Amino acid sequence: MNSINSSKNFNIIVLIGYMGSGKSSVGKKLAKKLDISFIDLDQAIEKKYNKTVSNIFSDLGEIEFRKIEKKILIKILDYKSNFVLSLGGGTPCYSNNMDLINSKTKNTFYLKVPIQKLSKRLYSRKDKRPIISHIKSVEEMNNFLAKHLFERYPFYEKSNFVIDSKRDDTIEVVNKIIYTLNNNSL
Ligand code: S3P
């Protein structure tokens, strides 16, 4: 367990970032180090609806998924406990979700990973992600991500902190977040 300055309100820590940026692996390790709970928004949705995210997309469509995502996000943000929450890559970009999150916590971290790293990683893991499952090559993935990230940056950048990551540096990212929490009074 890591010691953090208990005089501050660290109740909710939110991890934001594109698909494949390491939100879940960082979130798990961060929560463990801080000795608080870890919640993965996609997993919470899958558990509640007893369906994978891919199946929700294919059975109900993306708009319905976004409504479900919002509903579960509201519920989680009302928990009266300490936790690290990893969002889905699209969560910040819909339905004023960033304004809602920023009204609940100042501890929002955007994990920023270079596009080339994301493309390679996501290409080999695209099947579970309905937004990119149609992509046919790493090059196509790269082009898709460049455009998609351009659209999403304005939402991601509503986070209070940006953490640059190389993607395989989970421990380093966790330590940077803890350092930021302990050295900023927002
Ligand atoms: C999405 C990202 C996914 C999941 C869904 C949509 C997106 O989460 O919520 O497939 O729009 O970027 P991860 O970022 O955990 O892959």
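Since every read-out is calculated from the coordinates, none of them should be taken as a lab result. If you're wondering where the values come from, they're calculated on a predicted model, not measured in any experiment. In this analysis, Cβ positions are derived from the backbone assuming ideal geometry, glycine residues included, and neighbour counts consider all displayed protein chains.
Examine region 30-40 for a residue that is within 14 Å of the ligand (Cβ to nearest atom), in contact with a strand residue (DSSP E or B) (Cβ under 9 Å, 6 or more places away or on another chain) and not hydrophobic (A, V, I, L, M, F, W, C), and state whether such a residue exists.
First pass over region 30-40, keeping only residues within 14 Å of the ligand (Cβ to nearest atom): 38-40.
Subsequent filtering for residues that are in contact with a strand residue (DSSP E or B) (Cβ under 9 Å, 6 or more places away or on another chain) retains 38-40.
Subset that is not hydrophobic (A, V, I, L, M, F, W, C): 40.
Checking region 30-40: at least one residue is within 14 Å of the ligand (Cβ to nearest atom), in contact with a strand residue (DSSP E or B) (Cβ under 9 Å, 6 or more places away or on another chain) and not hydrophobic (A, V, I, L, M, F, W, C).
Listed here are the residues, each with its yes/no results for (1) touching a strand residue (DSSP E or B) at 6+ places or on another chain (Cβ under 7 Å); (2) surrounded by 17 or more Cβ atoms within 10 Å (Cβ to Cβ); (3) among the small types (Gly, Ala, Ser).
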| residue | (1), (2), (3) |
| --- | --- |
| Thr52 | no, no, no |
| Ile56 | no, yes, no |
| Glu62 | no, no, no |
| Lys67 | no, no, no |
| Asp78 | no, no, no |
| Ser81 | yes, no, yes |
| Leu85 | yes, yes, no |
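Can you say whether Lys80 is among the basic types (Lys, Arg), out of contact with any Cys (no Cβ under 9 Å at 6 or more places or on another chain) and more than 12 Å from the ligand (Cβ to nearest atom), as far as the supplied structure shows?
Working: among the basic types (Lys, Arg): yes; out of contact with any Cys (no Cβ under 9 Å at 6 or more places or on another chain): yes; more than 12 Å from the ligand (Cβ to nearest atom): yes.
Considered against the rule, which asks whether it is among the basic types (Lys, Arg), out of contact with any Cys (no Cβ under 9 Å at 6 or more places or on another chain) and more than 12 Å from the ligand (Cβ to nearest atom), Lys80 comes out as yes.
Would region 169-179 turn up any residue that is under 20 Å from Lys28 (Cα atoms) and touching a Phe, Trp or Tyr at 6+ places or on another chain (Cβ under 7 Å)?
The first filter runs over region 169-179 and keeps only residues under 20 Å from Lys28 (Cα atoms), leaving 169-179.
Those left that are additionally touching a Phe, Trp or Tyr at 6+ places or on another chain (Cβ under 7 Å): 177.
Yes: region 169-179 contains one or more residues that are under 20 Å from Lys28 (Cα atoms) and touching a Phe, Trp or Tyr at 6+ places or on another chain (Cβ under 7 Å).
Give region 118-130 a look and list any residue that's more than 13 Å from the ligand (Cβ to nearest atom) and assigned to a helix (DSSP H, G or I), or say none. Talk me through it step by step, then tell me what you get.
Residues of region 118-130 that are more than 13 Å from the ligand (Cβ to nearest atom), as a first pass: 119-120, 123-124.
Within region 118-130, Ser119, Lys120, Tyr123 meet the criteria.
Can you tell me which residues in region 46-86 are in contact (Cβ under 8 Å) with a residue 40 or more places away in the chain and touching a Gly at 6+ places or on another chain (Cβ under 8 Å)?
Val53, Val84, Leu85, Ser86
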